[in-house]
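The values are calculated or read from the model by the stated rules, or taken from the named source; none is laboratory data. Everything quoted here is computed from the prediction, not taken from an experiment. Counting neighbours? That spans all protein chains shown, and the Cβs are built from the backbone with ideal geometry, glycine included. These area figures cover heavy atoms from the full protein model, side chains too; ligands, DNA and RNA do not enter into them. Shrake-Rupley method; radii C 1.70, N 1.55, O 1.52, S 1.80 Å.
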Amino acid sequence: MSADSGLSVLWISRVFHREGMYNLRHRHSYFHFNCDLKKADGADSKISCVAKPLFCAAPETMHGGIILPPQGQSINVMFFVSNKTLYKMIENFPFELVDKERAHADMLEDIMALCRSQQADAELINASFNHYIRLVMHENRELLDVRKSVSIPEQCMAYIDKHYREPLTLEDVANHVGKSRNYTSTLFNEAMGMNMMEYLNSVRMKHACTLMAYSDLSIEDIASECGFSNAKYFGKVFKSVVGISPARYRTSHVVKDCRFDGDEEIMKKPYLPSETAFTYVVNAQKMIEWKSPYEYILQKPEPESWM
């Protein structure tokens with residue numbers, strides 16, 4: 001695989017989860033690929049995939065905002081894609097539907113081993129991950145046909161879930177499913193017991209609540225993040241859906257420590273000698289080792305300082 005394949009890995013991380021770890025809501029200018037693994041009980045037990053192990057967030061897509069499972073680990077790959085065809089393929093592929101038996105976690109482990117050895121240059125790691133992600137998409141390509149068997153209301157919901165940050169109209173949704181506005185609206189109302197605008201507002205408010213509890217964004221910025229150009233109108237819709245004003249919700253629901261809310265002594269406990277947690281910055285060939293999850297999530301330097 002040539003170095004100009006259109007995919008460039010920025011850094012790769014392995015981190016072990018501990019009780020109380022949060023995955024903050026965030027977005028960035030590059031792809032974020034994640035593989036979740038689990039470890040069964042017993043000192044000699046092997047690492048295996050969780051039921052649905054893969055996830056990939058496209059650039060500028062908000063993701064996260066969950067409590068991580070206390071037992072397990074994650075492999076995270078941050079990368080750019082300059083090839084337009086490959087970009088669209090990765091952006092539109094439903095990685096979250098890939099079964100653990102076809103996630104090829106062993107290939108990811110091989111890439112992690114390359115990084116750990118610090119013998120691999122950027123070209124080799126880029127080529128290895130490029131081969132991995134293309135293989136996963138090829139072997140699971142039937143997942144792209146899932147939409148064809150999904151009902152129109154379900155297609156509408158999936159489209160709204162993905163594009164709620166945009167100034168959506170009913171015509172946009174209807175055009176996406178290839179039907180008229182009236183026909184689409186009628187099918188949606190009958191299936192869901194609400195109209196599409198009510199569903200859109202419910203999705204936006206769910207994300208607004210998460211951002212108010214798990215971020216320091218202003219209410220005006222949260223309104224913009226959730227598809228509203230007018231903060232006053234956002235407040236009106238929020239109160240109609242949630243029942244209280246955005247400001248009152250933030251006062252009563254804000255999470256003071258978004259990153260960790262567990263036993264700090266357990267969190268600071270070093271990893272077992274057989275386990276390795278690290279971030280490998282590819283272009284700089286720089287290894288950053290993490291002695292504990294606490295060090296990783298609370299003291300991690302900004303990515304820009306790694307370059």
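Checking each residue in segment 17-26 for being outside any strand (DSSP E or B) and closer than 18 Å to V77 by Cβ picks out only H17.
Using the structure shown, decide if R14 is at pLDDT 75 or above, assigned to a strand (DSSP E or B) and basic (K, R). Walk me through it before giving the result.
On the way: at pLDDT 75 or above: yes; assigned to a strand (DSSP E or B): yes; basic (K, R): yes.
Considered against the rule, which asks whether it is at pLDDT 75 or above, assigned to a strand (DSSP E or B) and basic (K, R), R14 comes out as yes.
Scanning segment 144-164 for residues that are crowded, with 17+ Cβ neighbours inside 10 Å and either modelled with pLDDT under 85 or within 18 Å of A58 (Cβ to Cβ) (or both) turns up Y159, I160, Y164. Checking each residue of segment 89-101 against the condition of being modelled with pLDDT under 90 and touching an Asp or Glu at 6+ places or on another chain (Cβ under 8 Å) gives no match. Scanning segment 113-135 for residues that are under 20 Å from the mean Cα position of the chain (by Cα) and open to solvent by less than 10 Å² (accessible area, probe 1.4 Å) yields F129, N130, Y132, I133. Among the residues of segment 32-72, those that are modelled with pLDDT under 75 and under 23 Å from Y164 (Cβ atoms) comprise G65, I66, I67.
Report yes if some residue within segment 258-272 is closer than 26 Å to H207 by Cα, surrounded by 12 or more Cβ atoms within 10 Å (Cβ to Cβ), modelled with pLDDT of 75 or more and acidic (D, E); otherwise report no. Don't jump to the end; show me each part of the working.
From segment 258-272, those closer than 26 Å to H207 by Cα are 258-262; that's our starting set.
Okay, now just the ones that are also surrounded by 12 or more Cβ atoms within 10 Å (Cβ to Cβ), so 258-262.
Keeping just the survivors that are modelled with pLDDT of 75 or more gives none.
So far as segment 258-272 goes, no, none of its residues is closer than 26 Å to H207 by Cα, surrounded by 12 or more Cβ atoms within 10 Å (Cβ to Cβ), modelled with pLDDT of 75 or more and acidic (D, E).
Residue check: I67 meets all listed conditions (1) of a type in the set (A, V, I, L, M, F, W, C); (2) surrounded by 14 or more Cβ atoms within 10 Å (Cβ to Cβ); (3) closer than 23 Å to Y22 by Cα but one, namely (2).
Residue pairs whose Cβ atoms lie under 7 Å apart, sitting 6 or more positions apart in sequence or on different chains, and linking a residue in segment 150-175 that is small (G, A, S) and assigned to a helix (DSSP H, G or I) to a partner that is open to solvent by less than 20 Å² (accessible area, probe 1.4 Å) and at pLDDT 90 or above, are A174/T184.
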